[in-house]
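Heads up: the structure comes next, in structure tokens.
The values are calculated or read from the model by the stated rules, or taken from the named source; none is laboratory data. In this text the structure is predicted, and so the values were computed from the model without any measurement. Here the Cβ positions follow ideal geometry from the backbone for every residue, glycine too, while neighbour counts run over all protein chains shown.
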Amino acid sequence: MNIIEAINSYTEYRVNLGEKVRTLKYLLLGFGKYAGSEHVLDDVSEETCLSYLSLKGTRKGIATSYWFSIYSAITGLYKWAMIRGYATDSPLPKYKPQEPEPFRPHIYTSDELNRIFEAALSYRKRFNIEYPIVIQAMLKITCFLGLRPSETVTLTVDDIDISNMLVIIRETKFYKSRIVPVSRPVMKIISDYITLRSEIVKNTKATVNHLFVDKRGSYVKLTALQQAFRAICDKAKVHRNHTGRFDVRLQDMRHTFATNRVIQCYNDGLDVQKLLPALSTYLGHCNIDSTSVYITLTDKLLNEASNKFKSYAEI
């Protein structure tokens with residue numbers, strides 16, 4: 001079994017476990033082609049691995065997070081292969097460089113969100129294919145429901161249950177579906193948009209069942225939403241104070257949602273440990289560890305946690 005065949009078998013195995021492997025397969029195929037598609041796994045040397053990691057995963061001689069992503073992907077491949085007898089040992093270097101500081105998501109303030117939603121209605125003066133009101137609705141729903149942006153763009157009209165105040169998120173990450181309860185104010189935003197959508201459909205003669213449609217009668221793609229978001233943030237003057245690897249991101253709205261839910265839990269005097277499993281289910285995670293990634297330790301959250309600990313210590 002050559003490297004490419006092993007990669008295809010390994011990624012198929014991961015798919016059967018219920019995972020989405022597009023990024024993993026991209027990382028491994030790049031490595032496989034560099035190492036030599038016709039070679040078997042045991043033909044790959046440590047020098048080849050180091051050379052590839054240096055080529056793809058360093059910037060100015062310093063290892064980036066991408067270095068560790070490639071390393072992790074190759075590690076998984078060789079562990080799987082060694083168990084099955086396709087390889088005798090891993091050629092990866094035993095010593096790794098120091099990992100870069102973990103990326104810190106941006107947690108939007110209420111003022112920033114209001115400016116973003118307002119700017120969404122006028123972020124472009126020239127003609128564009130997306131309706132500004134549609135983009136605004138997409139941003140609000142992504143923010144207020146804590147959705148992955150990819151979940152927002154794939155919503156259909158049939159996924160909205162107004163009478164029962166529910167939204168169905170179908171087969172997203174890990175091929176799982178979930179039902180998301182919606183508050184009355186947020187459901188009003190959705191129902192008002194659906195009323196508006198009926199007029200858009202008449203004008204464009206759209207035939208798609210997607211919730212969010214553009215002026216061509218097609219659905220709004222994720223790339224279009226992300227491009228619009230960057231332009232909107234420029235107009236609203238919403239940026240990170242210290243721009244490192246990334247500026248503010250659309251995905252940060254999901255981090256903001258999760259972090260604010262924990263802060264609200266503290267404010268309401270509720271048990272955070274009991275909240276986390278429910279929040280994990282709501283966000284569509286398989287475990288609490290995945291949810292913890294979305295909870296950013298802001299000054300406000302740290303203050304609430306400190307107050308909670310203080311009241312506990314004084315009992």
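Numbers below:
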quantity: Residue in the range 199-208 that is out of contact with any Ser or Thr (no Cβ under 6 Å at 6 or more places or on another chain), in contact (Cβ under 8 Å) with a residue 40 or more places away in the chain and within 19 Å of I141 (Cα to Cα) present; calculated: yes
quantity: Failed item in (1) touching a helix residue (DSSP H, G or I) at 6+ places or on another chain (Cβ under 9 Å); (2) farther than 20 Å from F103 by Cβ; (3) among the polar types (S, T, N, Q); (4) without any contact (Cβ under 8 Å) to a residue 12 or more places away in the chain, with N16 passing the rest; calculated: (1)
quantity: Filter result for the condition that a residue is in a loop (DSSP other than H, G, I, E, B) and not assigned by TED's automatic domain parsing to the domain that holds T256, over T75, T88; calculated: T88
quantity: Residue list for the range 84-133, filter: within 30 Å of E47 (Cα to Cα) and among the aliphatic types (A, V, I, L, M); calculated: A87, L92
quantity: So I179, is it of a type in the set (A, V, I, L, M) and assigned to a helix (DSSP H, G or I); calculated: no
quantity: Residues that are exposed (fewer than 15 other Cβ atoms within 10 Å of the Cβ) and within 20 Å of M82 (Cβ to Cβ), drawn from the range 3-18; calculated: E5, E12, Y13, N16, L17
quantity: Residues that are of a type outside the set (D, E, K, R) and part of a loop (DSSP other than H, G, I, E, B), drawn from the range 192-225; calculated: A206, T207, V208, N209, L211, F212, G217, S218, V220
quantity: Tally, over the range 91-130, of residues that are in contact (Cβ under 8 Å) with a residue 40 or more places away in the chain, in a loop (DSSP other than H, G, I, E, B) and of a type in the set (A, V, I, L, M, F, W, C); calculated: 5
quantity: Where M82 falls short, out of the listed (1) without any contact (Cβ under 8 Å) to a residue 12 or more places away in the chain; (2) part of a loop (DSSP other than H, G, I, E, B); calculated: (2)
quantity: Residue, farthest from F127 (Cα to Cα), within the range 197-226, restricted to residues that are among the hydroxyl-bearing types (S, T, Y) and modelled with pLDDT of 90 or more; calculated: S198
quantity: V238 in a helix (DSSP H, G or I), surrounded by 15 or more Cβ atoms within 10 Å (Cβ to Cβ) and in contact (Cβ under 8 Å) with a residue 24 or more places away in the chain; calculated: no
quantity: Hey, E118 at positive phi and out of contact with any Asp or Glu (no Cβ under 8 Å at 6 or more places or on another chain) or not; calculated: no
quantity: Single unsatisfied condition, Q251 versus (1) among the polar types (S, T, N, Q); (2) in contact (Cβ under 8 Å) with a residue 12 or more places away in the chain; (3) farther than 30 Å from R59 by Cα; calculated: (3)
quantity: Of the criteria (1) touching a strand residue (DSSP E or B) at 6+ places or on another chain (Cβ under 9 Å); (2) surrounded by 14 or more Cβ atoms within 10 Å (Cβ to Cβ), which one E38 fails; calculated: (2)
quantity: Residue count for the range 136-154, restricted to those that are under 17 Å from N209 (Cα atoms) and either surrounded by fewer than 22 Cβ atoms within 10 Å (Cβ to Cβ) or at pLDDT 95 or above (or both); calculated: 6
quantity: All positions within the range 131-145 that are assigned to a helix (DSSP H, G or I) and among the aromatic types (F, W, Y); calculated: F144
quantity: Residues that are touching a strand residue (DSSP E or B) at 6+ places or on another chain (Cβ under 6 Å) and in a helix (DSSP H, G or I), drawn from the range 146-160; calculated: E151, D159
quantity: Out of Y71, Y108, sole residue that is over 30 Å from Q264 (Cβ atoms) and at pLDDT 90 or above; calculated: Y71
